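Presented below is the structure to which this report refers.
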Amino acid sequence: MGLPADYNKLLEDLKSRVRAAQLKATVAVNRELIQLYWDIGRLIVERQAREGWGKNVVERLAADVQRAFPGIKGFSPLNVWRMRAFYLAYTSIPEDLSQPVTELRGKRKLSQAVTDSLSVPPQLVAELPWGHNLVLLFKLKEPSERLWYAAKAVEHGWSRAVLTVQIETDLYGRQGKAVTNFAVTLPSPQSD
């Protein structure tokens, strides 16, 4: 018995639907991971302000999480500190990340109202993979610039390498200075 005449069309349709479902699942997983990292960063900041947590407590926390979930990646002490920096990068709380926690204690107290209002990361940031967020975090100081680049990365589907090049060539600073018709002439993947 032969295949139906529209079999190839059906197969292509199914493959397209599977790819779309895979992409949706990946985006959902990424969003949850970014939210988890945000929450961990927020909890660390809150505990440091309230209880004076220092380097040893945070590093012990990272080691204990790694022991509790063997084989899971992303909970090295360095990455846990990055989660803290990620949270602080998008909050309005002035913070010198290199300043020892002991000097911060008593100088700056986080009020519960402030931390409650910061329970989710900015939507654009949640749509980007962690590696993109780290590029934004460590290459840019201003939250407004980070959000601008995040929006462009989401809009144009930039890879981490393209995002890095756009930051290093100061696309933000160059925007609007040159008149172009790229957006009209070429679709976004080619115009990049």
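Would you check which residues across segment 39-57 are more than 17 Å from Ala89 (Cβ to Cβ) and either in a helix (DSSP H, G or I) or without any contact (Cβ under 8 Å) to a residue 24 or more places away in the chain (or both) and list them?
Correct list: Arg47, Arg50, Glu51, Lys55, Asn56, Val57.
Would you mind listing the helices (runs of 4 or more DSSP H) fully within segment 111-179 where at least 3 residues are at pLDDT 90 or above?
130-139, 143-156, 160-168, 171-174
Going through Leu14, Leu33 one at a time, which residue ends up being free of Cβ contacts under 8 Å to residues at least 24 places away in the same chain and either touching a strand residue (DSSP E or B) at 6+ places or on another chain (Cβ under 7 Å) or assigned to a helix (DSSP H, G or I) (or both)?
Unique residue meeting the criteria: Leu14.
In the set Arg47, Arg42, which member is under 20 Å from Ser119 (Cα atoms), modelled with pLDDT of 90 or more and open to solvent by less than 60 Å² (accessible area, probe 1.4 Å)?
When all the criteria are applied, what remains is Arg42.
Going through Leu23, Leu3 one at a time, which residue ends up being open to solvent by 90 Å² or more (accessible area, probe 1.4 Å) and not in a helix (DSSP H, G or I)?
On the way: Leu23 fails: not in a helix (DSSP H, G or I).
One residue alone meets the criteria, Leu3.
Which condition number does Ala68 fail, the rest of (1) small (Gly, Ala, Ser); (2) over 13 Å from the mean Cα position of the chain (by Cα); (3) modelled with pLDDT of 65 or more; (4) surrounded by 11 or more Cβ atoms within 10 Å (Cβ to Cβ) being met?
All conditions are met except number (4).
The values are calculated or read from the model by the stated rules, or taken from the named source; none is laboratory data. None of these values were measured; they are calculated from a predicted model. Neighbour counts run over all protein chains shown; Cβ positions are idealised from the backbone, glycine included. SASA here: full protein model, heavy atoms, side chains in, ligands and nucleic acids out. Shrake-Rupley method; radii C 1.70, N 1.55, O 1.52, S 1.80 Å.
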